[in-house]
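Asks: Handing you this structure, nothing more for now.
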Amino acid sequence: MSARAANALPGFDAESVRRDFPILDQQINGHPLVYLDNAATTQKPECVIEAISNYYRRDNANVHRGVHTLSDRATHAFEQARQAVADFLGSPRVEQVIWTSGTTAAINLVAHSWGRSTLRPGDRVLVSWLEHHSNIVPWQLVAAATGAEVIPIPVTDAGEIDLRSLADLLDGRVKMVAVNHVSNALGTVNPVLEIVSMAKAVGALVLVDGAQSVAHWPVDVPALGCDFFVMSGHKLFGPTGVGVLWGREALLEAMPPFMGGGEMIERVAFPTTTFNSLPFKFEAGTPNIAGAIGLAAAIDYLGTIDREAAMAHEAALLARTLELAAEVEGLRRVGTPAHAAGIFSFLLEGTHPSDVGMLLDQQGIAVRTGHHCAQPLMERLGIPGTVRASYSIYNTQEDVSRLFEGIHKAKRLFA
Ligand code: 7TS
């Protein structure tokens, strides 16, 4: 089968998707770019770039404030974008979608608003050893301020959450369980439905960090049963600096504002200020209007893609990767989860991950190396870091072959 045929599953043609992303059509160090750092950030299709530039060319104004036409247009596009996110996540109400600057900001919002107002000494927040630092450190900050404790949920050597250990940890002290949907370091797809039902049994809330899941498959957030869901626009083919907190309405209503300023108030007076309704209560200051519009364009773009077929395509890329990896002596896949999204983390015997990463870059191949902002996980696995290749809808079987040509070259040079 030719590489081109391998990229054209029924309903999905990676070569044609690839052409929608102008950045991919370039040479890096004399080689065609192979972009395999999608877990860090995805590339942007032409329509997203256009939507952002058109907004600045034609409609730019501040939102919710002006009586003039441009402000009206900007407000309309901004609120339409919120609706697009609500529809994308399956949210019953648009007010449950809060704009943030990204996943990190969304988790901080929940930790500081919900956490500081709710957690008491002796309460527990469970986070897994698989978490990105942004789903650990905000909880530690709030624990230090409230006397609550952050307790890690053990993971197995395969890099999966150990559900038996989770069951042992769950008791009436646990007020929040915060886990990622997909591990950015290993690609593990976590059994969120099961985790939610276990947490609910002891009355704990659940926050799902969806930074790595939403680009891989359609996520119906209410069906997950979680209380909070967070994501970043830039990992979903949208721009940086915009993200979303989705929350249960009653919880969001009860939570105090996190940041104070314009937009989030109803009336400011000395000595008492009253706050705006949802979602504006949590949106102090001028928001990332162009970012929201760009994210809506990315969601529109995904609407043109057969996502089932895209998933099958990514699974085929990972399957081929694992086949080729098995043939490389001295290559160790890090994490062997039964369910993995398009992420392949590995070590090459006798080499340092950053040397491998640099050598791959010389061949035009972009991967991530290091601890992937998951230092506790690296410590748990007894390694300093990994080389990580992460796939997206525009990667091809040829990209996989190029990665392994690069790995073989690294082996010849270093091992
Ligand atoms: N949670 C997960 C699971 C992530 O993968 C990341 C970013 C974040 C949270 C933070 O997202 P942000 O948009 O607020 O920065 N992950 C990565 C990565 O794997 N390489 O660079 C960033």
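The values are calculated or read from the model by the stated rules, or taken from the named source; none is laboratory data. Keep in mind it's a predicted model, so treat the numbers as computed, not measured. No Cβ is skipped: glycine too gets one built from the backbone with ideal geometry, and neighbour counts run over all protein chains shown. Accessible surface is based on the protein model in full, side chains and every heavy atom, while ligands, DNA and RNA are left aside. Shrake-Rupley method; radii C 1.70, N 1.55, O 1.52, S 1.80 Å.
Asks: Just checking, which of 284, 297, 292, 269 is under 20 Å from the mean Cα position of the chain (by Cα) and either assigned to a strand (DSSP E or B) or more than 16 Å from the ligand (Cβ to nearest atom) (or both)?
Replies: On inspection, the qualifying residue turns out to be 297.
Asks: Also, quick follow-up: Give the residue that is farthest from the chain's Cα centre (by Cα), with candidates limited to residues of segment 11-30 that are surrounded by 16 or more Cβ atoms within 10 Å (Cβ to Cβ) and acidic (Asp, Glu).
Replies: It comes out as 13.
Asks: Please verify whether residue 338 is outside any helix (DSSP H, G or I) and small (Gly, Ala, Ser), treating the condition exactly as stated.
Replies: Yes; evaluated as a whole, the condition is true for this residue.
Asks: Any idea which of (1) away from the ligand (no atom under 16 Å from the Cβ); (2) in contact with a helix residue (DSSP H, G or I) (Cβ under 7 Å, 6 or more places away or on another chain) is the one residue 168 doesn't satisfy?
Replies: Among (1) away from the ligand (no atom under 16 Å from the Cβ); (2) in contact with a helix residue (DSSP H, G or I) (Cβ under 7 Å, 6 or more places away or on another chain), the lone unmet condition for residue 168 is (2).
Asks: Residues to consider are 216, 234; find the one that is in a helix (DSSP H, G or I), within 16 Å of the ligand (Cβ to nearest atom), assigned by TED's automatic domain parsing to the domain that holds residue 66 and in contact with a Ser or Thr (Cβ under 9 Å, 6 or more places away or on another chain).
Replies: Only one candidate passes the filter, namely 234.
Asks: Which of the residues that make up segment 131-146 are small (Gly, Ala, Ser) and crowded, with 18+ Cβ neighbours inside 10 Å?
Replies: Once the filter is applied, which keeps residues that are small (Gly, Ala, Ser) and crowded, with 18+ Cβ neighbours inside 10 Å, segment 131-146 yields 134, 143.
Asks: Can you tell me which of 240, 188 is open to solvent by less than 10 Å² (accessible area, probe 1.4 Å) and within 16 Å of the ligand (Cβ to nearest atom)?
Replies: Of 240, 188, the one residue that is open to solvent by less than 10 Å² (accessible area, probe 1.4 Å) and within 16 Å of the ligand (Cβ to nearest atom) is 188.
Asks: Quick check, is residue 188 touching a Leu at 6+ places or on another chain (Cβ under 9 Å), over 30 Å from residue 47 (Cα atoms) and among the polar types (S, T, N, Q)?
Replies: For residue 188, the condition - touching a Leu at 6+ places or on another chain (Cβ under 9 Å), over 30 Å from residue 47 (Cα atoms) and among the polar types (S, T, N, Q) - is met.
Asks: Would you say residue 392 is in a helix (DSSP H, G or I) and either open to solvent by less than 30 Å² (accessible area, probe 1.4 Å) or polar (S, T, N, Q) (or both)?
Replies: no
Asks: Quick test for you: out of 318, 377, 348, pick the one residue that is over 22 Å from residue 31 (Cα atoms) and within 16 Å of the ligand (Cβ to nearest atom).
Replies: 377
Asks: Looking only at segment 373-389, decide whether some residue is under 19 Å from the mean Cα position of the chain (by Cα), within 30 Å of residue 302 (Cα to Cα) and surrounded by fewer than 20 Cβ atoms within 10 Å (Cβ to Cβ).
Replies: Checking segment 373-389: at least one residue is under 19 Å from the mean Cα position of the chain (by Cα), within 30 Å of residue 302 (Cα to Cα) and surrounded by fewer than 20 Cβ atoms within 10 Å (Cβ to Cβ).
Condition check ((1) within 15 Å of residue 389 (Cβ to Cβ); (2) open to solvent by 10 Å² or more (accessible area, probe 1.4 Å); (3) β-branched (Val, Ile, Thr)) across all residues:
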site: 293; (1), (2), (3): no, yes, yes
site: 306; (1), (2), (3): no, yes, no
site: 324; (1), (2), (3): yes, yes, no
site: 327; (1), (2), (3): no, yes, no
site: 333; (1), (2), (3): yes, yes, no
site: 345; (1), (2), (3): yes, no, no
site: 348; (1), (2), (3): yes, no, no
site: 352; (1), (2), (3): no, yes, no
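Asks: Quick one: which of 100, 146, 118, 156 is on the phi < 0 side of the Ramachandran plot and within 13 Å of the ligand (Cβ to nearest atom)?
Replies: Just a single option satisfies the conditions, and that option is 100.
Asks: From the list 298, 366, which one is closer than 18 Å to residue 34 by Cβ and in contact with a Phe, Trp or Tyr (Cβ under 6 Å, 6 or more places away or on another chain)?
Replies: 366 is the lone residue from the list that is closer than 18 Å to residue 34 by Cβ and in contact with a Phe, Trp or Tyr (Cβ under 6 Å, 6 or more places away or on another chain).
Asks: Which residues, taken from segment 38-79, are surrounded by fewer than 18 Cβ atoms within 10 Å (Cβ to Cβ), touching a residue at least 40 places away in the same chain (Cβ under 8 Å) and of a type in the set (D, E, K, R)?
Replies: 50
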